[in-house]
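The values are calculated or read from the model by the stated rules, or taken from the named source; none is laboratory data. Since we're looking at a predicted model, the values are computed, not measured. So basically every Cβ, Gly included, is an ideal-geometry build from the backbone, and we count neighbours across all protein chains shown. When the accessible area is computed, the model is the full protein with side chains, heavy atoms only, and any ligands, DNA or RNA have been set aside. Shrake-Rupley method; radii C 1.70, N 1.55, O 1.52, S 1.80 Å.
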Amino acid sequence: MKTLGARLARRPWWPWVRRAAAWGFFGLIAWLLVNQARAIDWQEVFDAMRALPATTLLLAGALAAGSFAIYSTYDLLGRHLTRHPLNAATVMGVTFISYAFNLNLGSLVGGVAFRYRLYSRLGLSNGIITRVLGFSMLTNWLGYLAVAGAVFCFWPLELPAGWRIGNAGLRILGAVLLLLAAAYLVLCAFASGHVFRIRRHSFKVPALRMALLQLALSCLNWSVIGSVIWVLLQGQVAYHSVLAVLLVAAVAGVITHVPAGLGVLEAVFIALLSDQVPQGRLLGVLLVYRGLYYLLPLGVATLAYFVTELRARRWRAKPAAR
């Protein structure tokens, strides 16, 4: 029996309904953002941005660059597993470009489309690209499970009174996330090399050493991202609190599908930290964070993308010339 989704997909009007719903959702988000922006004292925001010391900006920028460098190694793990011929510098370049566009335009455009585009131009098959992409995503969210689990379990946030989940609920959630991360390590320890097949895709369980490397890299990266905002706040809020709010905002951005989490990141931080930091100063810090971690890398990635495209064309032309 066909599912409801399959029956609807056959209807000629269904794609238009989906598009209208998507545009309506984004319109609602835009309306909420505009209404929220009207209540903000923008002079206070700009004053907070100008008040940030140059040394603080330099340190935060260095940490942001370090985070991108760490993330760019994720696809090297996939290179090791698939044994494809691209060198490490090329793989890290593709990963950097994809990550920057992923942050600003969403995972489908950045993380997926750019990887397929660039890797295929460099000669990799779709099957290998899928395995590299899947392993990179697994690495990213494995670290999220471990870091979020530890923070929620041992340093739970003081949530607003109206929220349905309290400190006890956060501790339980953290414990569950830690168990999920541990379950993956146990799987790699006792079922290394086993192949799971889901429809047309297969997943080969990596060795425990590879799983531990995934965990270490991803945990380090999430921790460094949190330190960027913590440095910009100049230690006014405890590091574990900043990291916990960032982790909540990351999931909220994924759930809402808003490109770059625009407005979502700010709303979560203001909701959870406005009792510790004035709203104008907090928003100013977040805007500087967006500039350092989103917009500046996007500019670099745009230039790198065109350079990579030119290199790919030359690479593909060499066999014909020979």
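General remarks:
- Entry remark, region 263-299: residues being hydroxyl-bearing (Ser, Thr, Tyr) and either more than 16 Å from the chain's Cα centre (by Cα) or over 20 Å from residue 65 (Cα atoms) (or both) number 1 in total.
- The set of residues in region 224-236 being modelled with pLDDT of 95 or more and open to solvent by 40 Å² or more (accessible area, probe 1.4 Å) consists of 230 alone.
- Subset of region 118-144 that is hydrophobic (A, V, I, L, M, F, W, C) and open to solvent by less than 40 Å² (accessible area, probe 1.4 Å) - its residue that is nearest to residue 246 (Cα to Cα): 142
- Residues satisfying the stated conditions in region 269-287, i.e. of a type in the set (A, V, I, L, M) and open to solvent by 20 Å² or more (accessible area, probe 1.4 Å): 270, 271, 287
- Scanning region 57-73 for residues that are open to solvent by 20 Å² or more (accessible area, probe 1.4 Å) and not in a loop (DSSP other than H, G, I, E, B) yields 57, 58, 59, 61, 62, 63, 65, 66, 69, 70.
- Meets criteria (under 22 Å from residue 146 (Cα atoms), open to solvent by less than 60 Å² (accessible area, probe 1.4 Å) and at pLDDT 95 or above) for residue 205: no
- Test for residue 309: is it open to solvent by less than 30 Å² (accessible area, probe 1.4 Å), of a type in the set (D, E, K, R), assigned to a helix (DSSP H, G or I) and more than 29 Å from residue 93 (Cβ to Cβ): no
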